[in-house]
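Here the structure comes first, spelled out in structure tokens, and everything after it is commentary.
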Amino acid sequence: MFCYHCQEAKKNIACDTAGICGKKSDISSLHDLLTYSLKGLSYYAHQADELNLSDANINQFTARALYSMLTNVNFDAAIFVQLISETIQRREFLKRQLLTHGAKFKQLLPEETLWHYASIDVAEFTKKGESVGVMPEEEMSEEIADIHAAREMLVYALKGLGALIEHIQVLEPVAAEHYAFIHKGLAFTLEPEVDLESLLALNFDCGQQAIALMACLEKANTQRFGEPEPTKVHLEPSDRPGVIVTGHDFQDLHDLLEQSAGTGVDIYTHDEMLVAHSYPVFKKYFNLVANYGGAWQDQKTQFGKFKGPVLVTSNSLQQPKKGYIDMTYTSGMVGWTGLKHIDNRRPHEAKDFSAIIEQAKQCPAPDTLNTGTVITGYGRQVLLSLVEPIAALFASDSLQHIVVLAGYDGRHKERKYYTELVQALPSDSLIITAGDTKYRFNQLDLGEIEGIPRLLDVGQAHDFHIILDFLKALQEEMDVSDINELPVSFNLAWYEQQSLLMMLALFKQGLKNVIIGPTLPPFFSAGILKQLTDELSVQGISTVEQDIAAMLGIELALEPEAEAEITAKESA
Ligand code: SF4
């Protein structure tokens, strides 16, 4: 096993015996074999796209299969055995289609396009997966290590794109060009003669694709659920039993709210689902009562205290603990061996959540973890309406700087940096956030600047593109020719493949001085990091004081201990 997909890779190198996320070595091997098989499928699908022979079912399947391997989505060996065998069958179907239409293949085909199982068997698949996994880079020359790392990064970015597409395709059709990009990217990983430049360029293109897909997802969501508006969300539970909904699938939340209304069961959002409270359609449900708990990594200590069922609709699943395992349900592509899974919806029908609602009715009310409220829902319309007032604040010197502090939360204790950073930012600065890193600071009272809250929570990581659109509008309003000259800094908290897409989107747009933490991705090899540093001045987090000085161009008065800490870090 060698996995360095995410920010929690062991020692920031790789998980090599079992994943910190709960991924065991057998599941890791099945992921590796599914990736290998999908590369073979995409090799032909890319040719099919060029000949106008693309297959909608294969396209949707590819995105779904990529998404299944995102960190914290699926840990069920049976699902991967099914996905791998289906990939091979679809590949062979596509190959026959291409031959029927006169396509010619190279004589020397990559082995990913040829491998076929002897039987559909978990042991055979696991063994094969062990031989096609990621290679540790320490055994390679620096140049080869850079190419290898950039190829892997491309695979992770494509997995992130697969996630975005799957979130859209459960709501509405996705344009063929997005699937074609995925096939092109996966096929490109099989090219033997590639240079770092072209691999990085394709990685950056993934960022651009992600922005386009986020916009499609936003459109699909707002057409169904309305335009988000700033909303105070309660954190204290009611005295009735409830169900927690975590993940991103608003349609699941909607179906559950419809079916639970009037049953005496309350519904709670969790983690990135928080922003649902700000959508007009969800506001109509009186039993959508509050948000429960902190970010995803706290689930093992918090879900047991909820005392009722948990519905996991997308990534962020951790191995459930004894206290709530019998009340945990997965849906969509999420899975863990032995957990109850909600069947997919049939065309024009809702999913059936009756089992969850019935179980919830037998449960006591949740324990209280938090009280008070948090505000979310600064979506497109509201944020764009703030362009003029914010430009005016800059003009009058009432506002000095905007820090975009977005991304995902995680377990590392170093992430207290994000709380301290927000606490230390001067009162004439604004913070715009998206994703769940906000749980590090969204309960702080940060006040306002002339009526505009200092913390503007746009919503999920998938809403990140709205921040970029806001900044473009602000650039125009302030008549600034280069976006890098705006008094704005990006500080990204990364965790998994979708936060990688955020970084790639910023790199593609040429945004400089992006700060990434709490650690730099382990697949930023020496050569990749040099290029990112030389061309875009990308940097890892330092101390709060140093990063504020770098972002805002101001010095903070340091306490002696903080000064000593910086000196120690610098000499290290
Ligand atoms: S996804 Fe992250 S935590 Fe899980 S095995 Fe890979 S690197 Fe480790």
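The values are calculated or read from the model by the stated rules, or taken from the named source; none is laboratory data. Quick caveat: nothing in here was measured; it's all calculated off a predicted structure. Note that we place each Cβ from the backbone using ideal geometry, even for glycine, and neighbour counts take in every protein chain shown.
Overview of results
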item	result
Hits in the range 511-539 - residues which are out of contact with any Asp or Glu (no Cβ under 7 Å at 6 or more places or on another chain), closer than 26 Å to M135 by Cα and exposed (fewer than 15 other Cβ atoms within 10 Å of the Cβ)	K530, T533
Top-ranked residue of the range 480-502 - restricted to ones that are closer than 13 Å to L468 by Cβ and under 19 Å from the mean Cα position of the chain (by Cα), ranked as nearest to the ligand (Cβ to nearest atom)	L501
Selection within the range 115-154 - of a type in the set (G, A, S), exposed (fewer than 15 other Cβ atoms within 10 Å of the Cβ) and not in a helix (DSSP H, G or I)	A118, S119, S141
Unique match (being of a type outside the set (S, T, Y), in the same structural domain as D266 (by TED's automatic domain parsing) and crowded, with 20+ Cβ neighbours inside 10 Å) among G294, G323, G338	G294
Pick from the range 410-423, criterion in contact with a Phe, Trp or Tyr (Cβ under 8 Å, 6 or more places away or on another chain) and surrounded by fewer than 22 Cβ atoms within 10 Å (Cβ to Cβ), ranking: nearest to H465 (Cα to Cα)	T419
Unmet criterion (only one of (1) assigned to a loop (DSSP other than H, G, I, E, B); (2) under 23 Å from the mean Cα position of the chain (by Cα)) for I375	(1)
Test for F303: is it of a type in the set (F, W, Y), under 23 Å from L70 (Cα atoms) and not assigned by TED's automatic domain parsing to the domain that holds S68	yes
Residues of the range 1-35 classified as part of a helix (DSSP H, G or I), more than 8 Å from the ligand (Cβ to nearest atom) and surrounded by fewer than 21 Cβ atoms within 10 Å (Cβ to Cβ), total	4
Residue check, K104 part of a helix (DSSP H, G or I) and either of a type in the set (K, R) or within 16 Å of the ligand (Cβ to nearest atom) (or both)	no
Residue in the range 454-464 that is buried (at least 22 other Cβ atoms within 10 Å of the Cβ), out of contact with any Pro (no Cβ under 6 Å at 6 or more places or on another chain), at pLDDT 95 or above and β-branched (V, I, T) present	yes
Residue that is farther than 25 Å from Q497 by Cα and not in a loop (DSSP other than H, G, I, E, B), where the choices are E349, E388	E388
Residue in the range 465-482 that is surrounded by the most Cβ atoms within 10 Å (Cβ to Cβ), counting only those that are over 15 Å from L386 (Cβ atoms) and among the charged types (D, E, K, R)	D482
One residue from L66, L38 being within 16 Å of I165 (Cβ to Cβ), within 27 Å of the chain's Cα centre (by Cα), within 16 Å of the ligand (Cβ to nearest atom) and touching a residue at least 12 places away in the same chain (Cβ under 8 Å)	L66
Where a residue in the range 536-552 is in the same structural domain as N513 (by TED's automatic domain parsing) and its partner, wherever it lies, is surrounded by 21 or more Cβ atoms within 10 Å (Cβ to Cβ) and of a type in the set (D, E, K, R), with Cβ under 9 Å and at least six apart	Q539/D547; I541/D547
Residue satisfying all of: in the range 230-247; touching a helix residue (DSSP H, G or I) at 6+ places or on another chain (Cβ under 6 Å) and buried (at least 24 other Cβ atoms within 10 Å of the Cβ); nearest to G372 (Cα to Cα) among these	I244
Yes/no for L51 being surrounded by fewer than 18 Cβ atoms within 10 Å (Cβ to Cβ), of a type in the set (A, V, I, L, M, F, W, C) and more than 26 Å from Y408 (Cα to Cα)	yes
Residue ID - farthest from the chain's Cα centre (by Cα), chosen from residues in the range 69-89 that are within 16 Å of the ligand (Cβ to nearest atom) and either more than 15 Å from N315 (Cα to Cα) or free of Cβ contacts under 8 Å to residues at least 24 places away in the same chain (or both)	A77
Which listed residue is out of contact with any Pro (no Cβ under 9 Å at 6 or more places or on another chain) and either of a type in the set (F, W, Y) or outside any helix (DSSP H, G or I) (or both), from E197, E236, E229, E218	E236
Test: T373 is surrounded by fewer than 21 Cβ atoms within 10 Å (Cβ to Cβ) and β-branched (V, I, T)	yes
